[in-house]
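Novice: Submitted below is the structure of interest, expressed as structure tokens.
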Amino acid sequence: METVIAFIIIFGSLVFFHELGHFLFAKKAGIMVREFAIGFGPKILAIRKKETLYTIRILPLGGYVRMAGEDFDTVELQPGYRVGVILNEDDKIEKIYLNREVSNPNVLFLETETADLSKELFIEGYDEDGNLMKYEVSRNAVIYEKGQETLIAPYDRQFDSKPLRSRAMAIFAGPLFNFILAFFIFLAIGLLNGIPTNEPIIKEVINDSPAFAAGMQAGDYVKEVDGKPIGSWQEFTETIQKSPGENLQLKVERAGELVTLAVVPETLVDAGQKYGQIGVMYESPLEKNALKAFAFGAEQTFSWMKRIFELLGMLVTGKFTIDALSGPVGIYKATETVAQWGVFSLMNWAAVLSINLGIMNLLPLPALDGGRLLFFLFEGVRGKPIDKQKEGMVHFVGIMLLMVLMLVVTWNDIQRFFF
């Protein structure tokens, strides 16, 4: 149950912040957001606030922000269509009923002649006495159909009406917020738990190892290797790994005094490459420092972004196969393992997942944020947008392929972890 709760909190938070990025930048650009959803499928909870419906749905494997004009959600009234309308005090239409049967006595019925609910905002039609009437439509008018109500979206509130830069930022903001979330998680780890000092202090010496034979002890602080000053544990390990079989002179600080030791790293071979090892273990002391915590957050975020891009490169070049990918089942099992190491390990795992989610969404594939940004790039180059129906078809095919990939990856996860 703890794993289930941790998984839901972590995955839900990543999706929430991703969609929050889309939401905030869409609102900043003046785009109407019809729905802010966490999850897919049937609604569990729905709350409407002003023009946006906030929902939690039954499948917690994603989310979406539905912006006006994106999904052909504008209503077009064809000539001859009979509608019921209610006027406000200014004789503007504030409610439009598309149902044939309306019981409200204040409804005025019109047989539509012409109408525009996007740019010019009017309905012209014949009333029940045969008179041709034309009414302005309020910018906040509501359409009622089959028990559902939908705000109309004037063209200047629709996604496509905004400049290319605003549309691109509304899409890019999702992955951007994942990177920002990762930074703040790493920052919180640094502030609450402390950051590794990376000082080359020996925690444990393994018996019968080169370090044990040289007389190295737990607590030794490595100062020099062959006269070269050592400033971090990483620098020390790199020096040892590059010197297999060589006689090295180490200077360590022990009980306030400098001690000189001679050690010969053992030669190991991995993938045809030789490297040295002396048999010591390390645990970096933790330091709580607000300024260093900020630097730690930025460094960890950049480091993991770089590492994930490197892994993607290995996948593209064939060094990894599709079997190396993990879906929701794999992430759940990994969360179960990480949870055993405590809350800070879970926080670190959440930050890495957030970066991974941001990068995956930026891949230039149909249906992903990166695919949409690619279409914006084409629009910027050619000076006009791609045909919406053609773009929609490309994204639809992309969604189908991603679903197939998700099924394959999930099946691989099930095989790996349960069979």
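Novice: Could you check the range 57-93 and list, in sequence order, the residues that are within 30 Å of residue 18 (Cβ to Cβ) and basic (Lys, Arg)?
Specialist: The answer is 57, 66.
Novice: Something else now. Does the range 220-247 hold any residues that are modelled with pLDDT of 90 or more, over 13 Å from residue 262 (Cβ atoms) and part of a loop (DSSP other than H, G, I, E, B), and which are they?
Specialist: Once the filter is applied, which keeps residues that are modelled with pLDDT of 90 or more, over 13 Å from residue 262 (Cβ atoms) and part of a loop (DSSP other than H, G, I, E, B), the range 220-247 yields 220, 227, 230, 242, 244, 245.
Novice: If you don't mind, another one. Starting from residues that are over 14 Å from residue 211 (Cα atoms) and small (Gly, Ala, Ser), keep the ones in the range 244-282 and report whichever is surrounded by the most Cβ atoms within 10 Å (Cβ to Cβ).
Specialist: 255
Novice: Evaluate the range 34-50: report whether one residue or more is in contact with a Pro (Cβ under 8 Å, 6 or more places away or on another chain), modelled with pLDDT of 90 or more and surrounded by 17 or more Cβ atoms within 10 Å (Cβ to Cβ).
Specialist: Yes: the range 34-50 contains one or more residues that are in contact with a Pro (Cβ under 8 Å, 6 or more places away or on another chain), modelled with pLDDT of 90 or more and surrounded by 17 or more Cβ atoms within 10 Å (Cβ to Cβ).
Novice: If I ask for residues that are of a type in the set (S, T, N, Q) and open to solvent by less than 40 Å² (accessible area, probe 1.4 Å), which ones from the range 331-350 would you list?
Specialist: Scanning the range 331-350 gives a single hit, 335.
Novice: Could you list, in sequence order, all residues of the range 72-112 that are charged (D, E, K, R) and out of contact with any strand residue (DSSP E or B) (no Cβ under 9 Å at 6 or more places or on another chain)?
Specialist: Correct list: 89, 101.
Novice: Do any residues in the range 66-90 that are within 30 Å of residue 38 (Cβ to Cβ) and of a type in the set (A, V, I, L, M) have Cβ atoms under 9 Å from those of residues that are at pLDDT below 90 and open to solvent by 50 Å² or more (accessible area, probe 1.4 Å), where the two are at least six apart or on different chains, and which pairs are they?
Specialist: 68/74; 75/145; 75/150
Novice: Can you name the strands (runs of 3 or more DSSP E) wholly within the range 98-180 that have at least 3 residues being open to solvent by 40 Å² or more (accessible area, probe 1.4 Å)?
Specialist: Ranges flagged: 108-116, 132-145, 148-151.
Novice: Further, regarding this structure: Which members of the range 203-221 meet the condition of being within 17 Å of residue 276 (Cα to Cα) and either surrounded by 14 or more Cβ atoms within 10 Å (Cβ to Cβ) or among the aliphatic types (A, V, I, L, M) (or both)?
Specialist: 205, 206, 209, 210, 211, 212, 213, 214, 216 - these are the residues of the range 203-221 that are within 17 Å of residue 276 (Cα to Cα) and either surrounded by 14 or more Cβ atoms within 10 Å (Cβ to Cβ) or among the aliphatic types (A, V, I, L, M) (or both).
Novice: Here is a list: 20, 53, 77. Which entry is modelled with pLDDT of 90 or more, open to solvent by less than 60 Å² (accessible area, probe 1.4 Å) and outside any strand (DSSP E or B)?
Specialist: 20
Novice: Let me ask something else about it. Limited to the range 56-74, what total is found for residues that are β-branched (Val, Ile, Thr), surrounded by 15 or more Cβ atoms within 10 Å (Cβ to Cβ) and assigned to a strand (DSSP E or B)?
Specialist: Qualifying residue count for the region: 2.
The values are calculated or read from the model by the stated rules, or taken from the named source; none is laboratory data. If you're wondering where the values come from, they're calculated on a predicted model, not measured in any experiment. A quick note on method: Cβ atoms are made from the backbone with ideal geometry, for glycine too, and the neighbour counts reach across all protein chains shown. Ligands, DNA and RNA are excluded from the accessible area calculation, which covers all protein heavy atoms including side chains. Shrake-Rupley method; radii C 1.70, N 1.55, O 1.52, S 1.80 Å.
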